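*Asks:* This is the structure I want to talk about, given as structure tokens.
The values are calculated or read from the model by the stated rules, or taken from the named source; none is laboratory data. This is a predicted model, so every value here is computed, not measured. Because the Cβ atoms are built from the backbone with ideal geometry, glycine has one as well, and the counts that use them run over all protein chains shown. The area values use the complete protein model at the heavy-atom level, side chains included, leaving out ligands, DNA and RNA. Shrake-Rupley method; radii C 1.70, N 1.55, O 1.52, S 1.80 Å.
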Amino acid sequence: MHNRKVVKVLTLDDFDLKGKTIFLRVDMNCPIDPETMEISGTKRIEEAIETLQSLKEAKVVVASHQGRVGNNDYTGMDKHAKVLEKLMNREIKYVEDVIGEAAQNAIKNLENGDILLLDNLRLCAEENYEFTPENAAKTIMVTRLAKLFDLCVLDSFPSAHRSHPSIVGFPQVLPACAGRIVEREVRNLDEIMTVAKAPHVIVLGGSKVPDRLEAIKLLIQNGRADHVLLTGLIGNVFMRAQARIKSSLGIKREEEVVAKAHTLIGEYPDVFATPVDIAIDKDGERVEMDVREMGKGDKIFDLGPKTVEYYSKLIAGAGTVFISGPAGFFEKENFSFGTKALLTAVANSMATTIVSGGHLTTALKQQGLADKINHISTAGGALVLYLTGEKLPMIKALEDARVKHQSK
């Protein structure tokens, strides 16, 4: 992997930004409390500030998505605007529109130094689909808005693996560069990949199962996963595939994902580790048991101590450790044991360490372990794919934009 050159993308330092109207694609997709619908973690909004400060002499239009259509975290961006106002201690303009007249007028009326946040990009049907860059450039979103901008700044690393119009469409028709987060992520990750050494231990939790299954396969094939330690929902899928969980998990496309997990175990029998003991919620109490003792309807809320000990040993012997997704419902004190213990094991290991995803970065901060980790990223799926060596659509769009810029 030593031949992987320093990433060839333009940065904010390559442009004169003063007085320019800038489309800034960030990822402020935050966890939303399903009861109150309030934002429960602001880490990704905080991350946008560094780039915004570099653009203080420009007219900036900030664009992000929030949640998925049909999910309970799918909301407008008005609360994000308020959080950003508080964090930056200045006015943030907000418009309940993305590509219509209201949005266009608000963009045209910006003064130097203004920041305008558009509403949830996924209110536009187009932003819910993946396109080739050429077709993304023909979407209504891009054709309507691009003519109002001088530059496109991509700073949404957590969604770098999506070829949505806002990510790959604008760079087709506008000069484009990386924002501060993307610039740093890519530089750091390239350095880390150069020193990454075996054994590679991947600790995976979280809930986006179909995406993860594809990525696991690529990681193993590309020699990036000698051990895959499973937790969370994806762990349950594998335990179901091993017939150690007897009853249905009640998740989307269950048959299909369990069958895929079953195939993976068959192809790579020595790679996967699944929990041996777990904790369930009995009337608000934590009850630990062997996986085989689980009854019908028992819901797994965390890992048990034997699993943690077994996983921690594998982590201690690793050359490179990548951990993504919490091990259980760590927001509940009773069920934070697994997540905390695994993060401690990662922080104390001698390996090159990468911690990924919004939930885990929050937990790291709470535990005061952040300075013992080599690379911390709020990106989840994008980072997993990046480590497989796959080209991420957003990074490719930025590299192409640089080539175009230099041939002018």
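*Asks:* In the list R187, R212, R224, which residue meets the criterion of being open to solvent by 40 Å² or more (accessible area, probe 1.4 Å) and either touching a helix residue (DSSP H, G or I) at 6+ places or on another chain (Cβ under 6 Å) or at pLDDT below 95 (or both)?
*Replies:* Answer to the selection: R187.
*Asks:* Among the listed residues E46, E57, E96, E126, which satisfies the condition of being in contact with a His (Cβ under 9 Å, 6 or more places away or on another chain) and either open to solvent by 40 Å² or more (accessible area, probe 1.4 Å) or part of a helix (DSSP H, G or I) (or both)?
*Replies:* Residue meeting the stated conditions: E126.
*Asks:* Checking E254 against (1) open to solvent by 30 Å² or more (accessible area, probe 1.4 Å); (2) free of Cβ contacts under 8 Å to residues at least 24 places away in the same chain; (3) under 26 Å from the mean Cα position of the chain (by Cα), which test does it fail?
*Replies:* (1)
*Asks:* Residues in segment 233-249 that are part of a helix (DSSP H, G or I) and open to solvent by 20 Å² or more (accessible area, probe 1.4 Å): how many?
*Replies:* Selection size over segment 233-249: 3.
*Asks:* Can you spot a residue in segment 281-293 that is in contact with a helix residue (DSSP H, G or I) (Cβ under 6 Å, 6 or more places away or on another chain), within 28 Å of D226 (Cβ to Cβ) and of a type in the set (A, V, I, L, M, F, W, C)?
*Replies:* Checking segment 281-293: not a single residue is in contact with a helix residue (DSSP H, G or I) (Cβ under 6 Å, 6 or more places away or on another chain), within 28 Å of D226 (Cβ to Cβ) and of a type in the set (A, V, I, L, M, F, W, C).
*Asks:* Let me ask something else. Only one of N71, N120 is open to solvent by 60 Å² or more (accessible area, probe 1.4 Å) and among the polar types (S, T, N, Q); which?
*Replies:* The match here is N71.
*Asks:* Of the residues P133, P175, which is open to solvent by 30 Å² or more (accessible area, probe 1.4 Å), in contact (Cβ under 8 Å) with a residue 40 or more places away in the chain and within 17 Å of K59 (Cα to Cα)?
*Replies:* P175
*Asks:* Could you check segment 67-82 and list, in sequence order, the residues that are in a helix (DSSP H, G or I) and under 20 Å from the mean Cα position of the chain (by Cα)?
*Replies:* H80, the sole residue that qualifies.
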